[in-house]
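In what follows, a structure is listed as structure tokens, so that the remarks can point back to it.
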Amino acid sequence: MWAELLPVGRSAASGGYRRHAWNSADAECRAWFREQAEGRGLAYELDRNGNQWAWLGDPQAGGAVVTGSHLDSVPDGGAYDGPLGVVSSFAALDELRGRGVEFDKPLAIVNFGDEEGARFGVACIGSRLATGVLSREQAYELRDADGTRLPDAMERAGYDPAAIGADHERLSRIGAFVELHVEQGRYLADDQPVGVAGAIWPHGRWRFDFHGEANHAGTTRIEDRRDPMLTYAETVLAARGSATAGALATFGKVAVEPNGTNAIASLVRGWLDSRAADEATLGRLVGEIERAARERGERDGVRVELTRESFTPVVDFDGPLRDRLAGLLGGVPVLPTGAGHDAGILASAVPTAMLFVRNPSGVSHSPAEYAEQADCLAGVAALAHVLEDLACH
């Protein structure tokens, strides 16, 4: 399975993956998921929000145990973030069926759509729509860098955008959701190959619009300029200076108009990703960055607008389920994480837990992302143990 997925959406130039929502690589990944489901005799289902499901047992019976993750990537992302969870889910099911395990509850494997938000700027779109955290109206307003609306992209890919929206009936069938994911840090680097998630830091994305005045780079005096690039640059430095232990701030995406080498920009858009151990700290951090941007904007003659594009509050995974998994796996470490996941979105609707597989480098969202094969297999064994405990007793 891993070998089949590796070449899909991989850039020959960077070695990273460009599996973005509703593009051709995404379509290949979706076709692969369906083949894996139907090849195992599982009932394949596509929900109203474009999420893919593979069912063993009656989906209507209730109390289902669900596992899975996502197959899309950030721009030039790594091979493990998302796909490891989906591949491991199928492998864990194969392990259990190979041992002749009988299931007392329905079991499902899911591929959530557009988890990374690389194309439309909002993370976890598939699970946000399912839970109602993202409304149909909000989704219809989302556009990619080329101006393509989310519903238009779905329609071009052969899906019906008129159906999207909250899917409470489907979620009510789920008794527990467990997502396996490669660790995106180094807590496990010198410890065990598998850990359990304790909580997800609150996090969000904010768009800063810096409005200046376009002009000629070679004829406009420095004192006559209203250059938004200066304000943006100072804001990036302010974000770095404001981030401390227990708080992170990153400007990782920027768009410039008119984007000419010999032109002073008229508009710079910068996207801030910020996370912290608690919401109060996160609020203070973003507030400090905003104040710095506005103060510098006044000096530069630049107007600053701030838009919060997405926000996820702190997620404490289901305590009894978390503790059950940690004990079941022999007291493995319970880890905090600053990364968002579909499991974090679903936690508001169903009992949810996560397993992490050791990443020796700690590098993620990069082609250098990596996990040892032995650790991946340990993750499959752990997930199989968890699924057997939850669905077979």
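Below, the figures for the structure above:
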{"quantity": "Count - residues of the stretch 62-75 that are modelled with pLDDT of 95 or more and either surrounded by fewer than 24 Cβ atoms within 10 Å (Cβ to Cβ) or part of a strand (DSSP E or B) (or both)", "calculated": "8"}
{"quantity": "Flag if LEU56 is over 30 Å from ARG156 (Cα atoms) and open to solvent by less than 10 Å² (accessible area, probe 1.4 Å)", "calculated": "no"}
{"quantity": "Selection count where residues are assigned to a helix (DSSP H, G or I), open to solvent by 30 Å² or more (accessible area, probe 1.4 Å), farther than 22 Å from THR261 by Cα and in contact with a strand residue (DSSP E or B) (Cβ under 8 Å, 6 or more places away or on another chain), scope the stretch 191-245", "calculated": "1"}
{"quantity": "Scope the stretch 159-206; condition closer than 15 Å to ASP318 by Cα and charged (D, E, K, R); matching residues", "calculated": "GLU179"}
{"quantity": "Selection within the stretch 115-150 - among the aliphatic types (A, V, I, L, M), open to solvent by 10 Å² or more (accessible area, probe 1.4 Å) and either at positive phi or more than 11 Å from the chain's Cα centre (by Cα) (or both)", "calculated": "VAL133, LEU134, LEU142, ALA145"}
{"quantity": "Among the residues listed as PHE103, PHE112, the single one being at pLDDT 95 or above, surrounded by fewer than 21 Cβ atoms within 10 Å (Cβ to Cβ) and on the phi < 0 side of the Ramachandran plot", "calculated": "PHE103"}
{"quantity": "Sole exception among (1) more than 22 Å from ILE264 (Cα to Cα); (2) in contact (Cβ under 8 Å) with a residue 40 or more places away in the chain; (3) touching a Lys or Arg at 6+ places or on another chain (Cβ under 9 Å) for THR235, by number", "calculated": "(1)"}
{"quantity": "Selected residue [open to solvent by less than 60 Å² (accessible area, probe 1.4 Å), in contact with a Ser or Thr (Cβ under 6 Å, 6 or more places away or on another chain) and either among the small types (Gly, Ala, Ser) or within 18 Å of SER364 (Cβ to Cβ) (or both)] from TYR17, TYR80", "calculated": "TYR17"}
{"quantity": "Residue check for ALA176: under 15 Å from PHE356 (Cβ atoms), within 21 Å of the chain's Cα centre (by Cα), crowded, with 18+ Cβ neighbours inside 10 Å and not aromatic (Phe, Trp, Tyr)", "calculated": "no"}
{"quantity": "Test: residue in the stretch 321-329 that is assigned to a loop (DSSP other than H, G, I, E, B), in contact with a Pro (Cβ under 7 Å, 6 or more places away or on another chain) and open to solvent by less than 60 Å² (accessible area, probe 1.4 Å)", "calculated": "no"}
{"quantity": "Filter result for GLU369 (touching a Phe, Trp or Tyr at 6+ places or on another chain (Cβ under 9 Å), open to solvent by 10 Å² or more (accessible area, probe 1.4 Å) and among the acidic types (Asp, Glu))", "calculated": "no"}
{"quantity": "Boolean, ALA153 is closer than 26 Å to GLY78 by Cβ, more than 18 Å from the chain's Cα centre (by Cα) and modelled with pLDDT of 95 or more", "calculated": "yes"}
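The values are calculated or read from the model by the stated rules, or taken from the named source; none is laboratory data. Note that this is a predicted model, so its numbers are computed, not measured. With ideal geometry, Cβ positions are generated from the backbone for all residues, glycine too; neighbour counts draw on all protein chains shown. Each accessible area value is taken on the protein alone, full model and side chains, heavy atoms only, with ligands, DNA and RNA left out. Shrake-Rupley method; radii C 1.70, N 1.55, O 1.52, S 1.80 Å.
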